[in-house]
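Remarks on the structure that follows.
The values are calculated or read from the model by the stated rules, or taken from the named source; none is laboratory data. The structure presented is a predicted model; accordingly, all values stated were derived computationally and were not measured. Positions of Cβ are generated from backbone atoms using ideal geometry, with glycine treated the same way; all protein chains shown enter the neighbour counts.
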Amino acid sequence: MTPDLMNQGAERVARFEVEAARRAAGGAGGTASYGRVLKDRQAVDVSHGRILYLDDVCVSFDGFKAINNLSLDIAPGELRCIIGPNGAGKTTMMDIITGKTRPDSGTVFFGSTIDLLRHNEPEIAQLGIGRKFQKPTVFEHLSVVENLELALKTDKRVGASMRFKLDSAQTDRLHEVLTTIHLLPDALRTAGNLSHGQKQWLEIGMLLMQDPKLLLLDEPVAGMTDHETERTAELFLSLKGKHSLMVVEHDMSFVRTISDIVTVLCDGSVLAQGTLDQVQADERVIEVYLGR
Ligand SMILES: Nc1ncnc2c1ncn2[C@@H]1O[C@H](COP(=O)(O)OP(=O)(O)O)[C@@H](O)[C@H]1O
Ligand SMILES: [Mg+2]
């Protein structure tokens, strides 16, 4: 590392510590408002009571119907759990919502006015749909704070990144997110030194920096310790209401802790839906997924 970069790093740490001390002393101007972080995002019309609406969606891969007449909707602020056997189409459904895969037919709406099939992947992220993949993809050599800052930058080239400076709403947001993801004490640690669970939280934090309306999380607690899984359940419950969440998970005790309505996917469409108790008692669900 050049002396210049080292100086910049030291300055950044000093600035952060001063700011953290100011906040600890009660000097901050209250809770950050989410709306101030992103200024020019299109509003999502949820007046019909749905943030996400899929109807009769189909996708085939080489003649194999991975998604087969899938219809599903999610209410604003809802935390929906999705379960189902491997190959059911859970990840493919997320690929369709986020614009990674185009369906052959069907309807996919964000709120009642935004037709997601008219938008590409970056546009869909910009509209307020954040996605967490299974494997954490944090920048290992950067600190926790730097990772979160980077999530706000649109121009990620090194030169532009050096000139980038958070405004006060963004700094508020950064502290709020650090607290939410339980990483405030680790803010200056190198991301590569975090535990697997902490890396997952950091990646969720990077999504939260962009204030997503809808968060899609694919097997978020896979590989976590029991303790980390419990903390993640608390985290998701705290996000519910402020964001809508769609969580794909196989860990049934985790699903039991966080879920209201559970949707069971099988062969690319909805097999059953209800409380976890209801779907666990469903003969068809026992047959294809839970086992006898
Ligand atoms: N890009 C692709 N090309 C071909 N087949 C795919 C592709 N993506 C998924 N599939 C197939 O679609 C089915 C659903 O996969 P997936 O959505 O990953 O299921 P799940 O996440 O529920 O385990 C599987 O049979 C998988 O092999
Ligand atoms: Mg999957």
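Residue count for segment 194-235 satisfying the condition of being within 16 Å of Met94 (Cα to Cα), assigned to a loop (DSSP other than H, G, I, E, B) and within 16 Å of ligand 2 (Cβ to nearest atom): 2. Within segment 103-126, the set of residues being over 17 Å from Tyr53 (Cβ atoms) and not aliphatic (A, V, I, L, M) comprises Asp104, Asn120, Glu121, Pro122, Glu123, Gln126. How many residues does segment 62-89 hold that are without any contact (Cβ under 8 Å) to a residue 40 or more places away in the chain, in contact with an Asp or Glu (Cβ under 9 Å, 6 or more places away or on another chain) and within 15 Å of ligand 1 (Cβ to nearest atom)? Here the count works out to 1. Figure legend. Inter-residue proximity from segment 90-113: first residues without any contact (Cβ under 8 Å) to a residue 40 or more places away in the chain, second residues within 16 Å of ligand 2 (Cβ to nearest atom) and part of a loop (DSSP other than H, G, I, E, B), beta-carbon distance below 6 Å, spacing 6+ or different chains. Indicated pairs: Asp95/Thr101.
Among the residues of segment 56-97, those that are surrounded by fewer than 21 Cβ atoms within 10 Å (Cβ to Cβ), within 16 Å of ligand 2 (Cβ to nearest atom) and assigned to a loop (DSSP other than H, G, I, E, B) comprise Pro85, Asn86, Gly87.
Taken over segment 59-89, the criterion of being among the charged types (D, E, K, R) and farther than 23 Å from Gly49 by Cα is satisfied by Asp62, Lys65.
Quick one: what pairs do we get from segment 264-292, first residue exposed (fewer than 15 other Cβ atoms within 10 Å of the Cβ), second among the aliphatic types (A, V, I, L, M), C-beta under 9 Å, 6+ apart or different chains? Qualifying pairs under 9 Å: Thr275/Ile261; Thr275/Val262; Gln278/Val262; Gln278/Ala272; Arg284/Val264; Arg284/Leu271; Arg284/Ala272; Arg292/Ile286. Note on segment 98-108: residues that are away from ligand 2 (no atom under 16 Å from the Cβ) and on the phi < 0 side of the Ramachandran plot total 6.
Return the residues of segment 39-61 that are touching a helix residue (DSSP H, G or I) at 6+ places or on another chain (Cβ under 8 Å) and within 16 Å of ligand 1 (Cβ to nearest atom); say none if nothing qualifies. Listed by number, the residues that qualify are Leu54, Val57, Val59. The number of residues in segment 95-112 being within 17 Å of Ile74 (Cα to Cα), small (Gly, Ala, Ser) and touching a Pro at 6+ places or on another chain (Cβ under 9 Å) comes to 1.
Among the residues that make up segment 103-124, is at least one of them within 15 Å of ligand 1 (Cβ to nearest atom), at pLDDT 95 or above, touching a strand residue (DSSP E or B) at 6+ places or on another chain (Cβ under 7 Å) and under 30 Å from Val288 (Cα atoms)? Within segment 103-124 (the criterion being within 15 Å of ligand 1 (Cβ to nearest atom), at pLDDT 95 or above, touching a strand residue (DSSP E or B) at 6+ places or on another chain (Cβ under 7 Å) and under 30 Å from Val288 (Cα atoms)), the answer is yes, since at least one residue qualifies.
Against the test of being closer than 20 Å to Ile51 by Cα, exposed (fewer than 15 other Cβ atoms within 10 Å of the Cβ) and not hydroxyl-bearing (Ser, Thr, Tyr), the options Asp211, Asp260 yield a single qualifying residue, Asp260.
Summed over segment 202-214, residues that are over 10 Å from the mean Cα position of the chain (by Cα) and within 14 Å of Lys135 (Cα to Cα) total 1.
Across segment 239-248, the qualifying residues are those that are under 13 Å from the mean Cα position of the chain (by Cα) and either away from ligand 1 (no atom under 16 Å from the Cβ) or assigned to a helix (DSSP H, G or I) (or both), and the one among them that is surrounded by the most Cβ atoms within 10 Å (Cβ to Cβ) is Ser244. Restricting segment 236-254 to residues that are within 16 Å of ligand 2 (Cβ to nearest atom) and of a type outside the set (A, V, I, L, M, F, W, C), the residue that is farthest from Ala88 (Cα to Cα) is Asp251.
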